[in-house]
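The values are calculated or read from the model by the stated rules, or taken from the named source; none is laboratory data. For clarity, every value in this text was computed on a predicted model and none was experimentally measured. We place every Cβ from the backbone using ideal geometry, glycine too, and count neighbours over all the protein chains shown. With ligands, DNA and RNA removed, areas are computed over all heavy atoms of the protein, side chains included. Shrake-Rupley method; radii C 1.70, N 1.55, O 1.52, S 1.80 Å.
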Amino acid sequence: MTSTVDVRTEEHAHRLDAADPLPTLRERFHVPPASGGAYPEVAYLAGNSLGLQPRSVAGLIEEELADWARLGVEGHVEATRPWKPYHELLRDAAARLVGAQPAETVVMNSLTVNLHLMLVSFYRPTPERYAILIEDSAFPSDSYAAQSQVRLHGFDPAQAVIRLRPRPGEACLRTEDVLDVLRTRGHTIATTMLGGVNYLTGELMDIPAITAAARDAGVIAGWDLAHAVGNVPLRLHEWGVDWAAWCHYKYVNSGPGAPAGCFVHERHLADRALPKLQGWWSTDPATRFRMLPELDPVDTADSWQLSNPPILAMAPVLASLRIFDEVGMDALRAKSLRLTGYLAELVEALCADLPVEVLTPPDPDRRGAQLSLRLLGPDADDVSARLRHEHGVIADARRPDVVRFAPAPLYCTHHDAWRAAHALAAVLRAG
Ligand SMILES: Cc1ncc(COP(=O)(O)O)c(C=O)c1O
């Protein structure tokens, strides 16, 4: 006798959670209370926008505040975790998260600042090779950064920013089309600045294949990994990526505006001819406090730093990276595949006759922990507000018609995915 399982039931969601090989770490995070719906806490599916606060963050910040109160300026060297080299505490764990060597990695600034610092070094246009390659649906900050950089060099963004568009009628890019652009137009492209996971569609790009094709075409392979870091396993060094930048406030849960990350491949580290913007944190720490007028170069990613590290903002990054080290990206990815797969299954089962379509690729290898849904009629802001206030489900709207659901595997459960899919169906059905 065979028994069939109804994936739509709440019991099934609970069963999946109970049987999951990676039990949730939800209790390690502050999950906001719900302002509507039947459950005390929200189902938080907006970790691709701002991750939840780890409970360990407050203690680490309080320690820094206590050291500041106790020591004043002496905290630079005498604090429990001395402030001068504080960024070094983050380096190894950040490097593990992106598959880099420690010397290739630095935590600093915010993401757009790091994109610019990377472009200063790696976008060196010539009359023949002058373009930056981005996705047409790149995050606006990336578009503005690319446009302002090409203008800075005297080029017109209309020609010098190449935007990759999906085929007519399709939402996502096809790898073969990206490779084709690199083959046919690569001789005009100076650097790529592509999203590893596209913020809007949730498409996971084939980073190794695109990086290899870029390099074959003499193009510098640069990546914005805002939506990829802490979401999918990365091997930047092994894949030969030239440069990358990312933020830590989405899947890495380090708080609003948290210091970002930067990767420069080892093969560039000793190239002292690379143009860079510099400040006192670019110089060798061994001689920094001799206060010399000339910079003493270091051949690591640290040489892209400008300023002394913002300790109170970096403490949450330390707390968050510890969690990733503890759990490991491979186990998280495995859970993420289970959660996102289950959410996709539920959306298909519950919303087939409703005005919504999934934009994110159905192939689990082509997506991370995100499903982007296009609403065919209803307003995205309105749907997301109703999800929150009527059902306690936090998703986010991208105007005019996209709602994104990200079951981040550190704190989301199958039951959260179940709540999200049922809430969406209820909101759309109510019209
Ligand atoms: C893909 C991408 N690039 C750039 C940014 C801008 O980040 P920041 O404000 O940290 O510069 C974001 C922010 O969400 C993003 O998602």
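If the requirement is being more than 21 Å from Lys276 (Cα to Cα), away from the ligand (no atom under 16 Å from the Cβ), of a type in the set (A, V, I, L, M, F, W, C) and assigned by TED's automatic domain parsing to the domain that holds Val252, which of these qualifies: Ala93, Ala103? Give the steps one after another, and end with the answer.
Numbers: Ala103 fails: more than 21 Å from Lys276 (Cα to Cα).
Within the list Ala93, Ala103, the selection yields Ala93.
Being outside any loop (DSSP other than H, G, I, E, B), of a type in the set (A, V, I, L, M, F, W, C) and touching a helix residue (DSSP H, G or I) at 6+ places or on another chain (Cβ under 7 Å) is the filter here, so list the residues in region 203-241 that pass it.
First pass over region 203-241, keeping only residues outside any loop (DSSP other than H, G, I, E, B): 203-204, 207-216, 220, 222-224, 236-239.
Still in the running and of a type in the set (A, V, I, L, M, F, W, C): 204, 207, 209-210, 212-214, 220, 223, 236, 239.
Passing the criteria: Leu204, Ile207, Ala209, Ile210, Ala213, Ala214, Ile220, Trp223, Leu236, Trp239.
The conditions are (1) in contact (Cβ under 8 Å) with a residue 12 or more places away in the chain; (2) open to solvent by 40 Å² or more (accessible area, probe 1.4 Å); (3) not in a loop (DSSP other than H, G, I, E, B), and Ala244 fails exactly one of them. Which is it?
That leaves (2) as the condition not met.
How many residues does region 167-185 contain that are surrounded by fewer than 17 Cβ atoms within 10 Å (Cβ to Cβ) and of a type outside the set (Val, Ile, Thr)?
Total satisfying the criteria: 10.
Identify the residue in region 212-241 that is over 18 Å from the mean Cα position of the chain (by Cα) and open to solvent by less than 10 Å² (accessible area, probe 1.4 Å) and, among all such residues, is nearest to Ile189 (Cα to Cα).
Val219
Residues checked against (1) of a type outside the set (A, V, I, L, M, F, W, C); (2) in the same structural domain as Leu65 (by TED's automatic domain parsing):
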| residue | (1), (2) |
| --- | --- |
| Leu306 | no, yes |
| Arg338 | yes, no |
| Leu387 | no, no |
| Arg399 | yes, no |
| Tyr411 | yes, no |
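Within region 373-397, take every residue that is of a type in the set (A, V, I, L, M) and assigned to a helix (DSSP H, G or I) and give me the one that is surrounded by the fewest Cβ atoms within 10 Å (Cβ to Cβ). Please lay out each step first, then the result.
Going through region 373-397, the residues of a type in the set (A, V, I, L, M) turn out to be 373, 375-376, 380, 383, 385, 387, 393-395, 397.
Among the residues that remain, those that are also assigned to a helix (DSSP H, G or I) are: 380, 383, 385, 387.
Details: Ala380: 20, Val383: 21, Ala385: 13, Leu387: 28.
Of everything passing the filter in region 373-397, Ala385 is surrounded by the fewest Cβ atoms within 10 Å (Cβ to Cβ).
Of all residues in region 71-87, count the ones that are within 19 Å of Ala319 (Cβ to Cβ) and either aromatic (Phe, Trp, Tyr) or not in a helix (DSSP H, G or I) (or both).
The first filter runs over region 71-87 and keeps only residues within 19 Å of Ala319 (Cβ to Cβ), leaving 75, 79-83, 85-87.
Imposing the further condition that a residue be either aromatic (Phe, Trp, Tyr) or not in a helix (DSSP H, G or I) (or both) reduces the set to 79-83, 85-87.
Number satisfying all stated conditions: 8.
For the list (1) more than 16 Å from the ligand (Cβ to nearest atom); (2) hydrophobic (A, V, I, L, M, F, W, C); (3) more than 20 Å from Gln305 (Cα to Cα), I need the number of the one condition that Trp281 fails.
Unmet condition: (3).
Given the conditions (1) surrounded by 15 or more Cβ atoms within 10 Å (Cβ to Cβ); (2) assigned to a helix (DSSP H, G or I); (3) out of contact with any strand residue (DSSP E or B) (no Cβ under 6 Å at 6 or more places or on another chain), and given that Phe289 satisfies all but one, which numbered condition is not satisfied?
(1)
If you take the residues in region 139-188 that are under 27 Å from the mean Cα position of the chain (by Cα) and among the acidic types (Asp, Glu), which one is nearest to the ligand (Cβ to nearest atom)?
Across region 139-188, the extreme among qualifying residues is Asp142.
From the list Gly230, Gly222, Gly255, Gly261, exactly one residue is farther than 20 Å from Ala93 by Cα, within 16 Å of the ligand (Cβ to nearest atom) and modelled with pLDDT of 95 or more. Which is it?
Details: Gly230 fails: farther than 20 Å from Ala93 by Cα; Gly255 fails: farther than 20 Å from Ala93 by Cα; Gly261 fails: farther than 20 Å from Ala93 by Cα.
Testing whether each residue is farther than 20 Å from Ala93 by Cα, within 16 Å of the ligand (Cβ to nearest atom) and modelled with pLDDT of 95 or more leaves just Gly222.
With (1) open to solvent by less than 40 Å² (accessible area, probe 1.4 Å); (2) farther than 14 Å from Thr201 by Cα as the list, and Gln370 as the residue in question, which single condition is left unmet?
(2)
Residue under question is Ala138, and the condition is that it be modelled with pLDDT of 95 or more, under 23 Å from Cys247 (Cα atoms), assigned by TED's automatic domain parsing to the domain that holds Ile220 and touching a His at 6+ places or on another chain (Cβ under 9 Å); does it hold?
Taking the combined requirement at face value, the residue does not satisfy it.
Looking at Leu200, Leu274, Leu295, which one is of a type outside the set (D, E, K, R), part of a loop (DSSP other than H, G, I, E, B) and within 16 Å of the ligand (Cβ to nearest atom)? Talk me through it step by step, then tell me what you get.
Numbers: Leu274 fails: within 16 Å of the ligand (Cβ to nearest atom); Leu295 fails: within 16 Å of the ligand (Cβ to nearest atom).
After ruling out the rest, the residue left standing is Leu200.
Are any of the residues in region 40-48 assigned by TED's automatic domain parsing to the domain that holds Ala260 and away from the ligand (no atom under 16 Å from the Cβ)? Don't jump to the end; show me each part of the working.
First pass over region 40-48, keeping only residues assigned by TED's automatic domain parsing to the domain that holds Ala260: none.
Checked against the condition, which is being assigned by TED's automatic domain parsing to the domain that holds Ala260 and away from the ligand (no atom under 16 Å from the Cβ), region 40-48 yields no hits at all.
Among the numbered criteria (1) closer than 25 Å to Arg404 by Cβ; (2) assigned to a loop (DSSP other than H, G, I, E, B); (3) open to solvent by less than 30 Å² (accessible area, probe 1.4 Å), which one does Ser49 miss?
Going through the list (1) closer than 25 Å to Arg404 by Cβ; (2) assigned to a loop (DSSP other than H, G, I, E, B); (3) open to solvent by less than 30 Å² (accessible area, probe 1.4 Å), Ser49 breaks only (3).
Take region 117-132 and flag every residue that is in contact with a strand residue (DSSP E or B) (Cβ under 9 Å, 6 or more places away or on another chain) and either within 15 Å of the ligand (Cβ to nearest atom) or of a type in the set (Asp, Glu) (or both). Break it down into steps so the answer makes sense when it comes.
Filtering region 117-132 for residues in contact with a strand residue (DSSP E or B) (Cβ under 9 Å, 6 or more places away or on another chain) gives 117-119, 121-126, 129-132.
Selection gives Leu117, Met118, Leu119, Ile132.
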